[in-house]
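A.B. asks: Submitted below is the structure of interest, expressed as structure tokens.
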Amino acid sequence: MKTLYLRIVATTIFVMILSSILAFIISNVYYQYSLKPFNDAKVTKMARDVKTFYENHPEVNKDDYLKSIGQLGYQLYLVDEKERGVFYGRTFREKGLNPDIVKDVLNGHVYHGISHFPSKLFITGFFDNVLANTIGVPIKVNDQTYALFIRPNVEVQFGELRIFFAIILLFTIVLSILFVLVSTRYIVKPIIKLTDATKQLAQGKYNIKLNVKRRDEIGKLASHFSQMARSLEQLEEMRQEFVSNVSHEIQSPLASIQGFSQTLQTENLSEDERQTYLSIIENESRRMSQLSKQLLTLASLDKEENILEKSTFDVAAQMKQVLMMTEWSWREKELAIDMELPSAFIRADEKLLHQVWTNLITNSIKFTENGGSISLRLRKNDGECQIEIKDTGIGISEKDLPHIFNRFYKADKARSRKEGSSGLGLAITKKIVELHGGHIHVESQLGKGTTFIVNLPNCN
């Protein structure tokens, strides 16, 4: 099968045919083991009623009576002791009958041919029109014993019903196949759309709209596919923006290094100018080195596979250590440091969290004017550490606030350029915090300072 449509149609039709065959076999088995004894008893009662009526009314002509019974929808066979027989009603398909059966009935026994009729897989015994499939009873006619064999004439009694059911069955099959063809097209249509959309996605076309309003599994699949397409589109935009930003960040220091290197090759430079240019080249080289390290860090964090090397350590002591490392920076700006860091042991990656505190505290020092203040608070609540790093710095504008954790985003581009910022520090910080199952939140107002709140689990 080359298409899903043909496969579903063929499978459905096959199931219909197989179900019909199995249903017929099961019905036949049910007849053989349940209905056949009941049918045998019903026909036996009818045969006895025919016998009783005739024996109680001997003045009735035998042939006329049996002919009328035959016309009412029964098949009869009357045979005497000399095995001379007469048929009434519809002719039997097979007229052969064991002579011993005739003798047994003539001797006064009842022949139960319906209940004793052999079972056949694809033929329901009730409809098998043979003489052996009858009920035999002895009957007295003018002091002479006869054997009367009788069975319902199915064609007369159920002829119209058989045609009616045959027409119903035929229309059921035909209409079922037509409905299968139409309904399968309805089922497969969204999948065809998904296939076309997949081809477009493979060609890099992410702006895909699938107008599938169904609420079943296919509808959910189409909805998830649309979400995936939008995610891939965003990812592609982020990738292009990332490449553009990286290229720009690398190009800028490279241009400076190249320009000042060429300037240094001139002979009419003073020693002070030469030292200034060399210092700029050194700073730009350091900036490129920092950028490459941060890019490598982000790449390793994005993998998220066995990246964390967890151990138990005092996070308060770690933050105090970072403050000591940055002491020269905040003392130079005469910043007041307010600490409330009670001992708190946390199970986390010590190196990565050290980078988190370094990034946040360094930012607070960098963007706080001389004479400002920085406060650090640590609180424990239900196995969670909440760390608050607050400064009285320049703050972040409302429009920049939602984007500060984006890669390469710089709220104050002029200041960031001057300070050598790449715009990756907060993105790395957020990634590390989330890898530990925590979250980071920021509150800020221009001119009033910024507060970073970090919540981390597994804290005692």
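A.B. asks: Which angle between 0 and 90 degrees, to the nearest 10, do you get for helix 350-366 versus the longest principal axis of the chain when only C-alpha atoms count?
C.D. replies: 50 degrees
A.B. asks: Could you name the lysines in cross-link range of Lys351, using Cα to Cα under 24 Å and dropping any fewer than eight places away on the same chain?
C.D. replies: The reachable lysines, counting only those whose Cα sits under 24 Å from Lys351, are Lys293, Lys303, Lys310, Lys320, Lys366, Lys380, Lys390, Lys430, Lys431.
A.B. asks: Take every Cα pair under 8 Å in the chain that's 6+ residues apart, average their separations, divide by the length, and report that relative contact order as a whole percent.
C.D. replies: Numbers: 579 pairs, mean separation 44.3, N = 460.
Relative contact order, the chain: 10 percent.
A.B. asks: Please figure out what share of the DSSP beta bridges in the chain is antiparallel and state it in percent, rounded to the nearest 5.
C.D. replies: Numbers: 46 of 52 bridges.
Within the chain, antiparallel bridges account for around 90 percent of the total.
A.B. asks: What shape does the stretch 38-109 have by the C-alpha gyration tensor, where a ≥ b ≥ c are the square roots of the eigenvalues, rounded means a/c under 1.5, and otherwise prolate means a/b greater than b/c and oblate the rest?
C.D. replies: Numbers: a/c = 1.23, a/b = 1.20, b/c = 1.03.
Rounded shape, in that the Cα axes give a/c under 1.5.
A.B. asks: As I understand it, the dipole of the chain uses +1 on the Cβ of Lys and Arg and -1 on the Cβ of Asp and Glu, about the Cα centre. Which of Leu66, His354, Val243 lies farthest toward its positive end?
C.D. replies: Checking the options against the dipole of the chain, the answer is Leu66.
A.B. asks: Ok, one more. Between 0 and 90 degrees, rounded to the nearest ten: what's the tilt of helix 62-71 against the longest Cα principal axis of the chain?
C.D. replies: So the inclination is approximately 20 degrees.
A.B. asks: Same structure, new question: Rounding to the nearest 20 debye, state how big the charge dipole of the chain is about its Cα centre with +1 on each Lys and Arg Cβ and -1 on each Asp and Glu Cβ.
C.D. replies: Working: 57 positive and 53 negative charges, 326 e Å.
Roughly 1560 debye, rounded to the nearest 20.
A.B. asks: Loop only per DSSP, at most 14 neighbouring Cβ atoms within 10 Å: give me the GluC sites (Glu not before Pro) in the stretch 38-113, ordered by residue number.
C.D. replies: Working: sites: Glu55, Glu59, Glu81, Glu83, Glu94; in loops: Glu59, Glu81, Glu83.
Qualifying residues, ordered by number: Glu59, Glu81, Glu83.
A.B. asks: Separate question: Starting at 0 and stepping by 20 Å, how many percent of the alpha carbon pairs of the chain end up in each bin?
C.D. replies: Spelled out bin by bin, the chain gives 16, 25, 15, 12, 13, 13, 5, 0 percent.
A.B. asks: Please work out whether the stretch 183-331 counts as rounded, prolate or oblate from its C-alpha gyration tensor, where a ≥ b ≥ c are the square roots of the eigenvalues and a/c under 1.5 means rounded, while otherwise a/b larger than b/c means prolate and anything else oblate?
C.D. replies: Numbers: a/c = 5.23, a/b = 1.94, b/c = 2.69.
Taking the square roots of the gyration eigenvalues as a ≥ b ≥ c, the stretch 183-331 is oblate.
A.B. asks: A further question on this structure: Rounded to the nearest percent, how much of the accessible area of the chain (1.4 Å probe, protein heavy atoms only) is carbon and sulfur?
C.D. replies: 56 percent
A.B. asks: Separate question: With every protein chain left in place, what is the accessible area per residue of the chain in square angstrom, probe 1.4 Å?
C.D. replies: On the way: 27850 Å² over 460 residues.
It amounts to 61 Å² per residue over the chain.
A.B. asks: On to the next question. In percent, what relative contact order does the stretch 8-124 have, based on Cα pairs under 8 Å that are 6 or more apart in sequence?
C.D. replies: Numbers: 63 pairs, mean separation 38.3, N = 117.
Contact order relative to length: 33 percent.
The values are calculated or read from the model by the stated rules, or taken from the named source; none is laboratory data. None of these values were measured; they are calculated from a predicted model. Heads up, the Cβs are rebuilt from the backbone with ideal geometry, glycines too, and the neighbour counts pull from every protein chain shown. Please note that ligands, DNA and RNA were not included when accessible areas were found on the heavy atoms of the full protein model with its side chains. Shrake-Rupley method; radii C 1.70, N 1.55, O 1.52, S 1.80 Å.
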